[in-house]
Amino acid sequence: MVLKLYGNVVSTCANRVRVVCEELGVSYELIPVEFTKREHKSPEYLATQPFGQVPYLDDDGFKVFESRAIARYIALKYGGIGTLIPDPRDLQKTALFEQAASIELTNFDVYAGTLALDNIFKPLFAKKMPDTAAIEALKCGLEGRLAGYDALLGRTKYLAGDEITIVDLFHLPHGALLEQQGIDFLVSGRWPNVTRWWNDVSSRESWKKMASR
């Protein structure tokens with residue numbers, strides 16, 4: 001049975017899952033959830049996703065939400081062990097993978113994701129204009145974290161080592177939106193190891209294919 005992903009093409013969280021599916025060659029059906037109609041807040045939707053957020057996955061009756069959890073599930077089930085996620089028997093690789101996963105969530109997404117929310121999605125869906133002072137604070141915070149990224153990526157090709165993992169892919173949806181906001185942190189070369197890594201990850205065929213669907 002084809003996986004059913006309930007989300008939307010503009011959802012960065014749904015796209016986080018979609019790029020992992022494309023990377024692994026896993027077929028899925030994107031079931032549109034219309035934000036403008038508040039379908040994600042309907043009783044039917046909340047019965048599965050009680051927080052009213054997208055996406056959630058339906059795998060032949062098994063339902064799971066939270067994009068990173070969905071991506072891990074797909075990688076575990078569909079051939080990602082040893083490629084996009086480490087073999088759990090390798091404790092050191094697993095520890096470095098979990099370290100990278102924590103870095104993405106707490107040192108990148110908390111800034112890049114909030115910038116996208118305030119600069120793009122709130123004006124689009126809630127008609128709320130960005131708070132300039134808050135935006136500058138977020139940009140400053142991200143700059144500091146990218147210095148740490150640059151140091152780490154000076155030692156390894158990717159965040160968890162010299163092999164790409166789903167954690168690197170997790171950066172793509174919000175990272176790609178930075179340039180749309182006029183924020184060139186990932187591409188400017190100011191942090192050369194970050195730019196090298198970003199150019200590598202963002203040029204993958206899985207990302208290009210997802211963006212074209």
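For the pair SER188/SER203, report the inter-label distance in nm, with labels modelled 7 Å from Cα in the Cβ direction.
2.2 nm
Return the Rg/Rh ratio of segment 137-213 with Cα-based radii and a Kirkwood Rh.
Working: Rg = 12.3 Å, Rh = 12.9 Å.
Using only Cα positions, Rg/Rh for segment 137-213 is 0.95.
From the gyration tensor of the Cα coordinates in segment 14-115, what semi-axes in whole Å does the equivalent ellipsoid have, largest first, with each one equal to sqrt(5λ)? Don't jump to the answer; show the numbers that get you there.
On the way: eigenvalues 142, 64, 28 Å².
Square roots of five times the eigenvalues give 27, 18, 12 Å.
Considering only protein heavy atoms, what per residue accessible area in square angstrom results for segment 22-181 with a 1.4 angstrom probe?
Numbers: 8210 Å² over 160 residues.
Accessible area per residue: 51 Å².
Give the carbon-plus-sulfur fraction of the accessible surface of the chain in %, rounded to a whole number; probe 1.4 Å, heavy atoms of protein chains only.
About 55 percent, which is the carbon plus sulfur part of the accessible surface.
With point charges of +1 on the Cβ of Lys and Arg and -1 on the Cβ of Asp and Glu, referenced to the Cα centre of segment 62-130, which listed residue (LEU124, THR106, LEU96) lies farthest in the positive direction of the dipole?
Farthest towards the positive pole: LEU124.
Rounded to the nearest 20 debye, what is the charge dipole size of segment 55-213 about its Cα centre when +1 sits on each Lys and Arg Cβ and -1 on each Asp and Glu Cβ? Mind dumping the intermediate values first?
On the way: 19 positive and 21 negative charges, 43 e Å.
That gives a dipole near 200 debye.
Strictly greater than 20 Å: what percent of every Cα pair in segment 95-198 meets that?
Numbers: 1928 of 5356 pairs.
In whole percent, the share of Cα-Cα pairs in segment 95-198 beyond 20 Å is 36.
Please work out how much length the chain gains when fully extended from ALA147 to ALA134, using 0.36 nm per residue of separation minus the C-alpha to C-alpha distance, in nm with one decimal. All intermediate terms of the calculation are to be shown ahead of the outcome.
Numbers: separation 13, 0.36 × 13 = 4.68 nm, distance 2.05 nm.
Net length gain for the segment: 2.6 nm.
What ranking, highest mean first, results for peptides 65-74, 133-142 when packing means the other Cβ atoms within 10 Å averaged over each residue? If you can, show how the numbers build up before the last one.
Working: 65-74: 20.4, 133-142: 14.4.
Per-residue mean Cβ counts within 10 Å order the peptides as 65-74, 133-142.
Please report, for the Cα atoms of the chain, the Rg to one decimal and the Dmax as a whole number; what are they, in angstrom?
17.3, 49
Between SER212 and GLN180, what is 0.36 nm times their sequence separation minus the Cα-Cα distance? Round to one decimal in nm.
9.8 nm
Find out how many positive minus negative residues lie around LEU30, taking Lys and Arg as positive, Asp and Glu as negative, among other residues whose Cβ is under 10 Å from that of LEU30. Show your work: numbers first, answer last.
Numbers: positive: LYS4, ARG18, ARG213; negative: GLU29.
Charge balance near LEU30 sits at +2.
Provide the packing ranking of 155-166, 26-37, i.e. peptides ordered by the mean count of other C-beta atoms within 10 Å per residue, highest first. Intermediate values should be presented prior to the final figure.
Working: 155-166: 17.7, 26-37: 13.8.
With the highest mean Cβ count within 10 Å placed first, the list reads 155-166, 26-37.
If you scale each eigenvalue of the Cα gyration tensor by 5 and take the root, what three semi-axes come out for segment 1-74, rounded to whole angstrom and sorted largest first?
Working: eigenvalues 74, 33, 22 Å².
After scaling each eigenvalue by five and taking roots: 19, 13, 10 Å.
The values are calculated or read from the model by the stated rules, or taken from the named source; none is laboratory data. It should be emphasised that the depicted structure is a prediction, and the values quoted were computed from it without experimental measurement. Neighbour counts run over all protein chains shown; Cβ positions are idealised from the backbone, glycine included. For the accessible areas, the whole protein counts, side chains as well, though only heavy atoms, and no ligand, DNA or RNA atoms are used. Shrake-Rupley method; radii C 1.70, N 1.55, O 1.52, S 1.80 Å.
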